[in-house]
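The values are calculated or read from the model by the stated rules, or taken from the named source; none is laboratory data. Note that this is a predicted model, so its numbers are computed, not measured. FYI the Cβ positions are ideal-geometry reconstructions off the backbone, even for glycines, and counts take in every protein chain you see.
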Protein chains: 4
Amino acid sequence: MTDVVAELRERVCALHRELPRNGLVAWTSGNLSARVPGEQLMVIKAGGVPFDELTPEAIVVCDLHGALVDGALSPSSDAATHGVVYRRMPEVGGVAHTHSSYATAWAARGEPIPCVLTAMADEFGGEIPVGPFARIGDAELGAGIVATLAGHRSPAVLMRSHGVFTVGPGPREAIKAAVMCEDVARTVHLARALGDPIPIAREDIDALYDRYQNAYGQR
Amino acid sequence: MTDVVAELRERVCALHRELPRNGLVAWTSGNLSARVPGEQLMVIKAGGVPFDELTPEAIVVCDLHGALVDGALSPSSDAATHGVVYRRMPEVGGVAHTHSSYATAWAARGEPIPCVLTAMADEFGGEIPVGPFARIGDAELGAGIVATLAGHRSPAVLMRSHGVFTVGPGPREAIKAAVMCEDVARTVHLARALGDPIPIAREDIDALYDRYQNAYGQR
Amino acid sequence: MTDVVAELRERVCALHRELPRNGLVAWTSGNLSARVPGEQLMVIKAGGVPFDELTPEAIVVCDLHGALVDGALSPSSDAATHGVVYRRMPEVGGVAHTHSSYATAWAARGEPIPCVLTAMADEFGGEIPVGPFARIGDAELGAGIVATLAGHRSPAVLMRSHGVFTVGPGPREAIKAAVMCEDVARTVHLARALGDPIPIAREDIDALYDRYQNAYGQR
Amino acid sequence: MTDVVAELRERVCALHRELPRNGLVAWTSGNLSARVPGEQLMVIKAGGVPFDELTPEAIVVCDLHGALVDGALSPSSDAATHGVVYRRMPEVGGVAHTHSSYATAWAARGEPIPCVLTAMADEFGGEIPVGPFARIGDAELGAGIVATLAGHRSPAVLMRSHGVFTVGPGPREAIKAAVMCEDVARTVHLARALGDPIPIAREDIDALYDRYQNAYGQR
């Protein structure tokens, strides 16, 4: 195992802590993966391991069809799905998956989250879309994620009756999108529970998205 | 006291920590028990002890009618109910009980939680059913749990106007079912609050349940 | 200052930790007091002190009209209200006050919490009643608490547009009632949000209450 | 850098901890600033820095148009907005900004939070108003905050489709207003979800506000 892979396993292990810390997961559900740069490989959480027992050894190396390449534990049963995303979206370096409550509630109704918050315009550039139903572990699930993301600026997609998948240039950005997805899913749920949130004009969404993607944070 | 019982008391004591950690209990409510393998005995939390003061001494040994066999403290007032489950369901090695908020809200309306999430199909294989009203401590309560579980694949049952009972081959699986029950109770509540969750086809539920029970996690 | 008072200040200081720990308070709101046995005195939180800076010195001694008797800080602006309860209810040894969210939402509508959970029958013996509106600090507020509790078995009362007051034989029981009040307020809120909780028959409530008050926990 | 500024950066850094601790922020969103006494300067969080990596070096010094004066990191993209508040409201010494969920849900509907709780009368002296929509970073946003606060006693304003801005004589009071704003936003949301909260009479609101502003806490 190269140093690059070893370092990636440690980093992805540490980033998994953000899932329970931000209230996105219950028991062992939810996972994060990262592409091994320049290889047809990824690292991903082993299946069924509790978050507070996670060590870099429980972040295993798989090929992009989800088959185990290096590691003593079986990969997450979502590994093949993550693999489809890496094979079909070369710009993606990290994928996260959760069943976070508010976002999954929108997914259970098959309803996209409308862009009614400036924070949504910033991060998602519009609505968070819903992808089709597919059985877990099926290639169909990965294909549905890729097809749905293709039509939107959002790095997050709600898979019908299932949960959230998010992508980013690296694993940290994928986790951030999962955290922000649940945050806006909750706020828009609460807004809708007592009335109708006011739409934001398309040109304002575009201006907010452009500013956030190009001028926010540290350059 | 044998070493087996001593080890079981320690393990059950440690597993009780999952109840407050996952937000399933308030004050001293909620408890977990485990069958003593090969004996007509179980270990169970003593009544009214705060979770953060719990020691293995507060996990007492009872017969399967709930009578104290070994320990300085009185058993939980739910001991007789747990006992009925062990007597009537020989495959059960652990029982958990909570009043977790979202699940108990479904129980208060006497309404089963419909299977509209892949995570529910995985863990519960269908709806989470509702059992009849019975007074706490009554043999009737245990009988109601057993009768309701008999007609379902779910390891969790909502007892009307009361709360959740879950079973498993051991105490860890019973706790996991209690955690997942509250998680799906919350998500389906949120989904229903703003509309109608989309049903999952019976054959998809069956395929998901089969995969999860046979291929998930570490083998 | 006697040893009895010093010990009581330490105990009441430590019990205040349960308020933020159980999510019952925001910033410096909420307080707990205890009667000094055999004296016309109580100890109570000083006003406006953050919970994580609380020391026994910030638990001051007052007479039962709320006037400071011993301590370097001003008592809570609720001191006079607590004092009315101790003067009019000799059986009470502890009083807690919170604005916990779900319970206060019922108070804002002026609506009692109906007894639709076995846990409510256990702890409250029926509905949690609503007392009249009164300005904070007014003698009227204390009088409203006492008059409303008089007609119920509940150790908790929702004061209209304001929050929760609970009583107990000592300060620990008062805190427990505040924790359980918020817990059932949330569960019944969630149950009502999606339909109608099923009533529990009066004779079942009576049987549950009797059992819990006389046979629960350690004797 | 003077000692006054160094001390202020440390204090503002420490106060930022209250934002995640009180559940007001997700990922790196939300910020706090403070006026440098007697100077046309403020200190404010650098943009995009995680809360648990925040050090006094990440609290940078800006002029009141949001331009960096001292510090190695870029200021928050909200700096110009905070600056407008300090320029137009000389009595303000601290400004906080969050997207806290319940308050932002009211903002998404463009609906002020009605004053139906004694705790709201105490802290806000009436409703929490809604300001107009404006793009983030625009001078318009700051102008909208100032204009809306001008017509109310509330130290908090909900900016439409965006989130919360609060002010105070210093940064601690601004944070407190942000915590209390979310707390009452949640309680009134919950009250409204199941019916109609009862209004509080104007003269009672005035009496409560006057008492709280002049007699609460330690003098």
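What are the residues in region D:173-192 that are closer than 17 Å to C:GLY163 by Cα and either more than 7 Å from chain C (Cβ to nearest Cβ) or touching a residue at least 24 places away in the same chain (Cβ under 8 Å) (or both), if any?
First pass over region D:173-192, keeping only residues closer than 17 Å to C:GLY163 by Cα: D:180-192.
Across region D:173-192, the qualifying residues are D:MET180, D:CYS181, D:GLU182, D:ASP183, D:VAL184, D:ALA185, D:ARG186, D:THR187, D:VAL188, D:HIS189, D:ALA191, D:ARG192.
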Note to self: Considering only residues that are in contact (Cβ under 8 Å) with a residue 24 or more places away in the chain, closer than 30 Å to C:ASP196 by Cβ and assigned to a loop (DSSP other than H, G, I, E, B), which ones fall in region C:68-118?
What the structure shows: C:HIS99, C:SER100, C:GLY110, C:PRO112, C:PRO114, C:CYS115, C:VAL116, C:LEU117
Note to self: Among (1) more than 21 Å from B:CYS13 (Cα to Cα); (2) part of a helix (DSSP H, G or I), there is one condition B:GLU173 misses while meeting the rest; what is its number?
What the structure shows: (1)
Check: Do we have A:PHE165 as aromatic (Phe, Trp, Tyr), in contact with a Phe, Trp or Tyr (Cβ under 9 Å, 6 or more places away or on another chain) and in contact (Cβ under 8 Å) with a residue 60 or more places away in the chain here?
Finding: no
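Which residues, taken from region C:193-205, are outside any helix (DSSP H, G or I), among the hydrophobic types (A, V, I, L, M, F, W, C) and touching a residue at least 40 places away in the same chain (Cβ under 8 Å)?
Start the filter on region C:193-205 by keeping residues that are outside any helix (DSSP H, G or I), which leaves C:194-201.
The next check asks that each one be among the hydrophobic types (A, V, I, L, M, F, W, C); those that pass are C:194, C:198, C:200-201.
Result: C:ILE198, C:ILE200.
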Item checked: Among (1) out of contact with any strand residue (DSSP E or B) (no Cβ under 6 Å at 6 or more places or on another chain); (2) away from chain C (no Cβ under 14 Å) - the single one B:THR148 does not satisfy -> (1)
Next item on the list: Sort out which residues of region A:20-36 are within 14 Å of another protein chain (Cβ to nearest Cβ) and free of Cβ contacts under 8 Å to residues at least 40 places away in the same chain, and write them in order of number.
Entry: A:PRO20, A:ARG21, A:TRP27, A:THR28
Checklist line | Test set (1) closer than 24 Å to A:ASP122 by Cα; (2) more than 16 Å from the chain's Cα centre (by Cα); (3) within 14 Å of another protein chain (Cβ to nearest Cβ) - D:SER77 fails condition number | finding: (2)
Item checked: Subset of region C:12-44 (residues that are assigned to a helix (DSSP H, G or I), charged (D, E, K, R) and within 24 Å of C:MET89 (Cβ to Cβ)) -> C:GLU18
Checklist line | Failed item in (1) buried (at least 21 other Cβ atoms within 10 Å of the Cβ); (2) over 16 Å from B:ARG172 (Cβ atoms), with B:LEU68 passing the rest | finding: (1)
Item checked: region C:193-205, residues that are crowded, with 21+ Cβ neighbours inside 10 Å and either of a type in the set (Asp, Glu) or more than 7 Å from chain B (Cβ to nearest Cβ) (or both) -> C:ILE205
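Residue-by-condition table, conditions (1) farther than 25 Å from B:ILE205 by Cβ; (2) modelled with pLDDT of 95 or more; (3) among the β-branched types (Val, Ile, Thr):
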position	(1), (2), (3)
A:HIS97	no, yes, no
A:THR118	yes, yes, yes
A:ARG135	no, no, no
A:SER161	no, yes, no
A:THR166	yes, yes, yes
A:MET180	yes, yes, no
Check: Which of the residues that make up region D:206-219 are within 10 Å of chain C (Cβ to nearest Cβ), of a type outside the set (A, V, I, L, M, F, W, C), part of a helix (DSSP H, G or I) and more than 23 Å from C:PRO20 (Cα to Cα)?
Finding: D:ARG211
Next item on the list: Within region A:37-50, track down each residue that is more than 11 Å from chain B (Cβ to nearest Cβ) and surrounded by 21 or more Cβ atoms within 10 Å (Cβ to Cβ).
Entry: A:MET42, A:VAL43, A:ILE44, A:LYS45
Next item on the list: Answer yes or no: is there a residue in region B:212-219 that is surrounded by 21 or more Cβ atoms within 10 Å (Cβ to Cβ), touching a Ser or Thr at 6+ places or on another chain (Cβ under 9 Å) and more than 22 Å from B:VAL43 (Cα to Cα).
Entry: no
Note to self: Among the numbered criteria (1) surrounded by 20 or more Cβ atoms within 10 Å (Cβ to Cβ); (2) out of contact with any strand residue (DSSP E or B) (no Cβ under 8 Å at 6 or more places or on another chain), which one does B:GLU53 miss?
What the structure shows: (1)
Notebook entry, point to check: Does any residue of region D:142-158 turn out to be buried (at least 24 other Cβ atoms within 10 Å of the Cβ), touching a residue at least 12 places away in the same chain (Cβ under 8 Å) and of a type in the set (D, E, K, R)?
Noted result: no
